[in-house]
Amino acid sequence: MDGRGLDEAGPDLPGVGGLFGRPLDRAFFDRPSCEVAPDLLGRVIAHGPVAVRLTEVEAYGGPGQDPASHTYRGRTPRNSVMFGEPGHVYVYFTYGMHFCANLVCLPEDVGSAVLMRAGEVIAGADVARSRRLAGGNGTNGSSAGRTARTVPDRDLARGPARLAVSLGLVREHNGLDCCSAGGRIRVFEGAPVDPSLVRTGPRTGVAAGAETPWRFWIDGDPTVSPYRPHVRRQRTRV
């Protein structure tokens, strides 16, 4: 597989032609995020030459319902994509250095999505690895200074920022439609996970709503990221 750029048209996606099964339609995403999230495990998201099999996700609810969600206090310029139709990609910048990517759920004006936390790169691994070693996708470069060593396969998309880097997702991709025929990014049916292997627990690193068990992952999969509870930052008194 060649390493052509991110913005190739839909037919250049590695899953087109049946490799990863059929693309998921909009009805798949037109459900509550806590239902879509576990059903995304084992599915494949492809963008340009890279495809990732999802192994860990987190659901986030709508305005006034989920204090951990970006839409909790309503619509803003930053979160407006989450209020759009289901099946679009919501990409946001966080901690001043990383992009993370979500899949929008439920009808327009609801404001709900699923964060893609981790996965296994199953196509375009060389492209994903070069992006990681080059310092990411236009961020401050969490991989900077590591060009002398190879990123292990299990770590290519292990964590939401790494997953976005591997797929080449940046701010300009915010709002792309995963359900558009011939689109630049698609989600394929892949191989749904046996329900007995799906685990659920608190979401990682959230300050509010931490008790909500809306993090879902495949038990025993080496690409699942480690759980980290939120740690409140303490101000230093002078």
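Taken as a whole, the structure places Gly42 among residues that are modelled with pLDDT of 95 or more, at positive phi and assigned to a loop (DSSP other than H, G, I, E, B).
For Thr55, the conditions (1) open to solvent by 20 Å² or more (accessible area, probe 1.4 Å); (2) out of contact with any helix residue (DSSP H, G or I) (no Cβ under 8 Å at 6 or more places or on another chain) are fulfilled apart from (1). Any residue in the stretch 116-132 that's in a strand (DSSP E or B): show its pairings with residues that are open to solvent by 40 Å² or more (accessible area, probe 1.4 Å) and not acidic (Asp, Glu) at Cβ separation under 7 Å, as long as the two are six or more apart or on different chains. Correct list of pairs: Ala118/Arg158; Gly119/Arg53; Glu120/Arg53; Ile122/Arg53; Ala123/Met1.
Taken over the stretch 191-218, the criterion of being open to solvent by 30 Å² or more (accessible area, probe 1.4 Å) and closer than 21 Å to His88 by Cα is satisfied by Pro192, Trp214. Residues of the stretch 69-89 that are over 21 Å from Val170 (Cβ atoms), of a type outside the set (Phe, Trp, Tyr) and surrounded by fewer than 23 Cβ atoms within 10 Å (Cβ to Cβ): Arg73, Gly74, Arg75, Glu85. Number of residues in the stretch 57-109 that are assigned to a strand (DSSP E or B) and not aliphatic (A, V, I, L, M) equals 12.
The values are calculated or read from the model by the stated rules, or taken from the named source; none is laboratory data. This one's a predicted model, so the numbers in the text were calculated from it and none came from an experiment. Cβ coordinates were reconstructed from backbone atoms using ideal geometry, including for glycine residues, and neighbour counts include every protein chain displayed. Just the protein is used for accessible areas: all its heavy atoms, side chains included, with ligands, DNA and RNA removed. Shrake-Rupley method; radii C 1.70, N 1.55, O 1.52, S 1.80 Å.
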